[in-house]
1. Give me the one-decimal nm value for the distance between modelled label points at residue 6 and residue 106, 7 Å along each residue's Cα-to-Cβ direction.
2. Could you work out what % of the accessible surface of the stretch 1-65 is carbon and sulfur, using a 1.4 angstrom probe and leaving DNA, RNA and ligands out of the count?
3. Give the peptides 99-106, 112-119, 14-21 in descending order of average Cβ contacts within 10 Å, highest first.
4. With every protein chain kept in place and ligands, DNA and RNA left out, what is the accessible area per residue of the stretch 1-84? Probe 1.4 Å, answer in Å².
5. Rounded to the nearest 0.05, what FRET efficiency is calculated for residue 51 and residue 76 with R0 set to 41 Å and r the Cβ-Cβ distance?
Amino acid sequence: MIRIVTHARLAQLEDDARTANEQARQTNGAANEAFGRHVRELYAVTDRAERAEAATTEVGVLLARAVEELSAAQQELLLKDIEIRRLREDLSGGPREGETLTVLLHYGEPHTIYASREDAYADTATHGVPANAKWVPVRERPSAASKWCLEVFIYDAACNGFRRVYMPAPKSVGEAA
């Protein structure tokens, strides 16, 4: 079959082709623009996701450290609670026969009372006594003659109180002065 195309029909086809070409170019430009927007949005969303992931990791590290510190603090509180209970039991029982106290005297005047001789030795360094100082018993010498001296007292249930471990030799009433 042969078809005869007229000049007007050919002009119409060319005009339709140009219109279709222009429409295709506009559609292609709009598609490129939309693709560019979507790529930019994708980059922005990816960046936000990466920052959120980094922040989550940082918060996770901080939270783990806080949990460790909390655990250590709870452990310390538990140990202190146990120690407080033990001390309360010791205090509620009152003094026991043979229990000692150590008194630090400064020129014969009571300065500090310690639960043990070791505590007294450890603390006297804060008062200027060298840690390696040799402590000698006061014996018959008056404690007021020494700058620092330690006296040990022991609980005596018979007298319902503490008495000196070293008792000076008894003197007659006329000599005691």
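1. In this crude label model, residue 6 to residue 106 measures out at 13.0 nm.
2. C and S fraction of accessible area: 60 percent.
3. 99-106, 112-119, 14-21
4. So the stretch 1-84 comes to 92 Å² accessible per residue, rounded to a whole number.
5. E(calc), rounded to 0.05, equals 0.65.
The values are calculated or read from the model by the stated rules, or taken from the named source; none is laboratory data. Since we're looking at a predicted model, the values are computed, not measured. Glycine gets a Cβ as well: all are built from the backbone with ideal geometry, and neighbour counts include every protein chain shown. Quick note on the areas: whole protein, heavy atoms, side chains included, nothing else; ligands and nucleic acids left out. Shrake-Rupley method; radii C 1.70, N 1.55, O 1.52, S 1.80 Å.
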